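J.: This structure is in structure tokens; I'll ask about it shortly.
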Amino acid sequence: MITTSQKYEEDQLDLDESLDEKEQEARRLAVRENAKHVLRESGLPQMLQSINKNLLKGRGHFEEYDSFILFRWGTPWTLRHLWIEVRGNTILFRLQPHRKCAHVAPVCDGEYHLLTSAMWSDHAFLQSELKKYYDRPVAETSSD
């Protein structure tokens with residue numbers, strides 16, 4: 001079964017193969033700038049910083065990429081993370097693979113919860129969703 005994210009990645013690979021290096025770099029920068037804009041408009045970075053400062057006492061760390069943020073915390077035995085991706089005007093929270101949720105909002109494809117611009121522009125809704133993902137984060141497997 002092909003998930004939405006697999007199909008998206010395949011489409012991106014097909015597109016990337018047809019572009020030369022300058023076009024690929026321009027496209028990557030456009031994706032990065034769009035992600036910055038969406039995150040800034042949503043207020044999500046400030047919410048994540050607040051969680052890190054107030055709940056984790058600064059023990060979390062961020063890994064930033066072109067269109068996603070990986071927020072990690074915990075000990076080597078209890079490592080947890082939030083994987084947040086921006087695609088176009090949509091914010092996606094990656095989950096452990098599961099069956100589709102029955103709830104209407106956020107949109108669920110079994111792998112991601114998708115928040116449309118109408119959803120993330122409601123800061124109270126976005127903050128409640130972020131709290132839900134923080135309270136039940138994705139556990140990382142040990143490297144042992």
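J.: Please find, among Asn54, Asn89, the residue that is in contact (Cβ under 8 Å) with a residue 40 or more places away in the chain and out of contact with any Lys or Arg (no Cβ under 9 Å at 6 or more places or on another chain). Write out each step before concluding.
T.: Working: Asn54 fails: in contact (Cβ under 8 Å) with a residue 40 or more places away in the chain.
Only one candidate passes the filter, namely Asn89.
J.: Let me ask something additional. Scan region 33-51 for residues that are in contact (Cβ under 8 Å) with a residue 60 or more places away in the chain, over 10 Å from Val86 (Cβ atoms) and not aliphatic (A, V, I, L, M) and jot them down.
T.: Scanning region 33-51 gives Glu41, Gly43.
J.: Name the residue, out of Ala105, Ala30, Ala118, that is modelled with pLDDT under 90, outside any strand (DSSP E or B) and out of contact with any helix residue (DSSP H, G or I) (no Cβ under 9 Å at 6 or more places or on another chain).
T.: Just one listed residue meets the conditions, Ala118.
J.: Since Glu64 meets every condition but one in (1) in contact (Cβ under 8 Å) with a residue 12 or more places away in the chain; (2) under 14 Å from Leu39 (Cβ atoms), which condition does it not meet?
T.: Among (1) in contact (Cβ under 8 Å) with a residue 12 or more places away in the chain; (2) under 14 Å from Leu39 (Cβ atoms), the lone unmet condition for Glu64 is (1).
J.: Within region 88-126, work out how many residues are surrounded by 16 or more Cβ atoms within 10 Å (Cβ to Cβ) and more than 22 Å from Tyr65 (Cα to Cα).
T.: So the answer is 4.
J.: Moving on. Can you find even one residue in region 40-60 that is surrounded by 13 or more Cβ atoms within 10 Å (Cβ to Cβ), under 26 Å from Ser117 (Cα atoms) and modelled with pLDDT under 90?
T.: Among the residues of region 40-60, not one is surrounded by 13 or more Cβ atoms within 10 Å (Cβ to Cβ), under 26 Å from Ser117 (Cα atoms) and modelled with pLDDT under 90, which makes the answer no.
J.: May I pose another question? Collect the residues in region 38-71 that are part of a strand (DSSP E or B) and closer than 18 Å to Ser128 by Cβ, keeping them in residue-number order.
T.: Phe71
J.: Before we move on, is Thr3 modelled with pLDDT under 90 and surrounded by fewer than 12 Cβ atoms within 10 Å (Cβ to Cβ)? Walk me through it before giving the result.
T.: On the way: modelled with pLDDT under 90: yes; surrounded by fewer than 12 Cβ atoms within 10 Å (Cβ to Cβ): no.
Against the criterion (modelled with pLDDT under 90 and surrounded by fewer than 12 Cβ atoms within 10 Å (Cβ to Cβ)), Thr3 does not qualify.
J.: Say we look at region 69-87 and pick out the residues that are surrounded by fewer than 18 Cβ atoms within 10 Å (Cβ to Cβ) and modelled with pLDDT of 90 or more; which of these is nearest to the chain's Cα centre (by Cα)?
T.: Result: Leu70.
The values are calculated or read from the model by the stated rules, or taken from the named source; none is laboratory data. As the structure is a computational prediction, the values presented were derived from the model and not from experiment. Neighbour counts run over all protein chains shown; Cβ positions are idealised from the backbone, glycine included.
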